[in-house]
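S.K.: Handing you this structure, nothing more for now.
The values are calculated or read from the model by the stated rules, or taken from the named source; none is laboratory data. In this text the structure is predicted, and so the values were computed from the model without any measurement. Heads up, the Cβs are rebuilt from the backbone with ideal geometry, glycines too, and the neighbour counts pull from every protein chain shown. The accessibility values were calculated without ligands, DNA or RNA, using every heavy atom of the protein model including side chains. Shrake-Rupley method; radii C 1.70, N 1.55, O 1.52, S 1.80 Å.
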Amino acid sequence: ETGVTQSPTHLIKTRGQQVTLRCSSQSGHNTVSWYQQALGQGPQFIFQYYREEENGRGNFPPRFSGLQFPNYSSELNVNALELDDSALYLCASSLDGAYSNQPQHFGDGTRLSIL
Amino acid sequence: AQTVTQSQPEMSVQEAETVTLSCTYDTSESNYYLFWYKQPPSRQMILVIRQEAYKQQNATENRFSVNFQKAAKSFSLKISDSQLGDTAMYFCAFIPQGAQKLVFGQGTRLTINP
């Protein structure tokens, strides 16, 4: 069973740039959730994708957007990067999202640093 | 608003001791799920234990057990015979049935000393 994998592991960008983070879900999972974890804080929910559709969104501005592909892998895109976007971005996959309440399994995260 | 509170920012115990991490939550939902996740320095968030709110029996996974008090909205984690590899940040998390997002607490940094 392949776990959740994220790429890249670390990324450095400057203010105003755009970034794309990638996530491959655990085999058999059709739901991907993205979280932002600022240093010393608990993760905050960004949004969830279920079968290629956005299925819930947290309190994040529209410059945070995402995609889910037919193989259930996912991308998180952030435009017009700000200093406060510096954080660990975690991807979690699960089976049938909110409809099953199966546990979410996390990847190792992407550390994004904004200069 | 649904919130999770972990009142112990840091804890430290000796190897082989028992330690209890506290968590309280606030919700008006009657059906929900509670979790403890462990995040070592490697960054991966690892599921430790899960509790369904409709189950009165406390969940147990090897050395890890919970004390779930639904009326008090309390969900503590007990680690028995602690090991050096238990050193990590521990997050309490909550999700209502049918919801998409996990709500996390601020975390407790646990250090197991040799």
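S.K.: Quick check on my filter: what residues within the stretch B:33-51 are assigned to a strand (DSSP E or B) and either within 9 Å of another protein chain (Cβ to nearest Cβ) or farther than 12 Å from A:Gln102 by Cα (or both)?
M.R.: Going residue by residue through the stretch B:33-51, those that are assigned to a strand (DSSP E or B) are B:33-39, B:46-51.
Passing the criteria: B:Tyr33, B:Phe35, B:Trp36, B:Tyr37, B:Lys38, B:Gln39, B:Ile46, B:Leu47, B:Val48, B:Ile49, B:Arg50.
S.K.: While we're on this one: Within the stretch B:20-51, take every residue that is touching a Pro at 6+ places or on another chain (Cβ under 8 Å) and among the charged types (D, E, K, R) and give me the one that is least open to solvent (accessible area, probe 1.4 Å).
M.R.: B:Arg50
S.K.: Shifting gears a bit: Scan the stretch A:1-29 for residues that are buried (at least 16 other Cβ atoms within 10 Å of the Cβ), more than 14 Å from the chain's Cα centre (by Cα) and over 29 Å from B:Arg109 (Cβ atoms) and jot them down.
M.R.: Answer for the stretch A:1-29, where residues must be buried (at least 16 other Cβ atoms within 10 Å of the Cβ), more than 14 Å from the chain's Cα centre (by Cα) and over 29 Å from B:Arg109 (Cβ atoms): just A:His29.
S.K.: Return the residue satisfying two criteria in turn: it lies in the stretch B:54-96 and is within 14 Å of another protein chain (Cβ to nearest Cβ) and without any contact (Cβ under 8 Å) to a residue 24 or more places away in the chain, and of such residues it is least open to solvent (accessible area, probe 1.4 Å).
M.R.: Step one: list which residues in the stretch B:54-96 are within 14 Å of another protein chain (Cβ to nearest Cβ), which gives B:54-55, B:59, B:61, B:88-96.
If we keep only those that are without any contact (Cβ under 8 Å) to a residue 24 or more places away in the chain too, we end up with B:54-55, B:59, B:61.
Values: B:Tyr54: 139, B:Lys55: 93, B:Ala59: 21, B:Glu61: 96 Å².
If we take residues in the stretch B:54-96 being within 14 Å of another protein chain (Cβ to nearest Cβ) and without any contact (Cβ under 8 Å) to a residue 24 or more places away in the chain, then B:Ala59 is least open to solvent (accessible area, probe 1.4 Å).
S.K.: Does the stretch A:58-84 hold any residues that are farther than 30 Å from B:Gln8 by Cα, polar (S, T, N, Q) and assigned to a loop (DSSP other than H, G, I, E, B), and which are they? Give the derivation first.
M.R.: We begin by selecting, within the stretch A:58-84, every residue farther than 30 Å from B:Gln8 by Cα; these are A:61-82.
Restricting the remaining residues to those that are polar (S, T, N, Q) gives A:65, A:68, A:71, A:73-74, A:77, A:79.
Listed by number, the residues that qualify are A:Asn71, A:Ser73, A:Asn79.
S.K.: Among the residues that make up the stretch A:41-57, is at least one of them of a type in the set (Asp, Glu), at pLDDT below 95, in a loop (DSSP other than H, G, I, E, B) and open to solvent by 30 Å² or more (accessible area, probe 1.4 Å)? Reasoning before the result, please.
M.R.: Residues of the stretch A:41-57 that are of a type in the set (Asp, Glu), as a first pass: A:52-54.
Filter once more, so that each one left must be at pLDDT below 95: A:52-54.
Applying the additional criterion that residues be in a loop (DSSP other than H, G, I, E, B) yields A:52.
Now narrow it down to the ones that are open to solvent by 30 Å² or more (accessible area, probe 1.4 Å): A:52.
Within the stretch A:41-57 (the criterion being of a type in the set (Asp, Glu), at pLDDT below 95, in a loop (DSSP other than H, G, I, E, B) and open to solvent by 30 Å² or more (accessible area, probe 1.4 Å)), the answer is yes, since at least one residue qualifies.
S.K.: Just checking, does the stretch B:29-40 include any residue being closer than 21 Å to B:Pro114 by Cα and touching a Gly at 6+ places or on another chain (Cβ under 9 Å)?
M.R.: Looking only at the stretch B:29-40, we keep the residues that are closer than 21 Å to B:Pro114 by Cα, and these are B:38-40.
Narrowing the set further to residues that are touching a Gly at 6+ places or on another chain (Cβ under 9 Å) leaves B:39-40.
There is at least one residue in the stretch B:29-40 that is closer than 21 Å to B:Pro114 by Cα and touching a Gly at 6+ places or on another chain (Cβ under 9 Å).
S.K.: Of the conditions (1) open to solvent by 50 Å² or more (accessible area, probe 1.4 Å); (2) touching a strand residue (DSSP E or B) at 6+ places or on another chain (Cβ under 7 Å); (3) closer than 27 Å to B:Lys38 by Cα; (4) not polar (S, T, N, Q), A:Leu83 fails just one. Which one is it?
M.R.: Of everything listed in (1) open to solvent by 50 Å² or more (accessible area, probe 1.4 Å); (2) touching a strand residue (DSSP E or B) at 6+ places or on another chain (Cβ under 7 Å); (3) closer than 27 Å to B:Lys38 by Cα; (4) not polar (S, T, N, Q), A:Leu83 misses just condition (3).
S.K.: Taking the stretch B:24-62, which residues are basic (Lys, Arg), under 17 Å from A:Val4 (Cβ atoms) and over 10 Å from the mean Cα position of the chain (by Cα)?
M.R.: B:Arg43
S.K.: OK, next. Quick check on A:Tyr35: is it open to solvent by less than 20 Å² (accessible area, probe 1.4 Å), at the interface with chain B (Cβ under 8 Å from one of its Cβ atoms) and not in a loop (DSSP other than H, G, I, E, B)? Step through it out loud before you land on a result.
M.R.: Working: open to solvent by less than 20 Å² (accessible area, probe 1.4 Å): yes; at the interface with chain B (Cβ under 8 Å from one of its Cβ atoms): yes; not in a loop (DSSP other than H, G, I, E, B): yes.
Here the answer is yes, as A:Tyr35 does meet what is asked.
S.K.: Among the residues of the stretch A:77-107, count how many are more than 11 Å from chain B (Cβ to nearest Cβ) and either within 15 Å of A:Leu11 (Cα to Cα) or under 12 Å from the mean Cα position of the chain (by Cα) (or both).
M.R.: At the first step, the residues of the stretch A:77-107 found to be more than 11 Å from chain B (Cβ to nearest Cβ) are A:77-87, A:93, A:95-96.
With the extra rule that they be either within 15 Å of A:Leu11 (Cα to Cα) or under 12 Å from the mean Cα position of the chain (by Cα) (or both), the set shrinks to A:77-79, A:81-87, A:93.
The qualifying residues number 11.
S.K.: Assuming A:Pro61 fulfils every condition listed in (1) out of contact with any strand residue (DSSP E or B) (no Cβ under 6 Å at 6 or more places or on another chain); (2) open to solvent by 70 Å² or more (accessible area, probe 1.4 Å) apart from one, which condition is it?
M.R.: (2)
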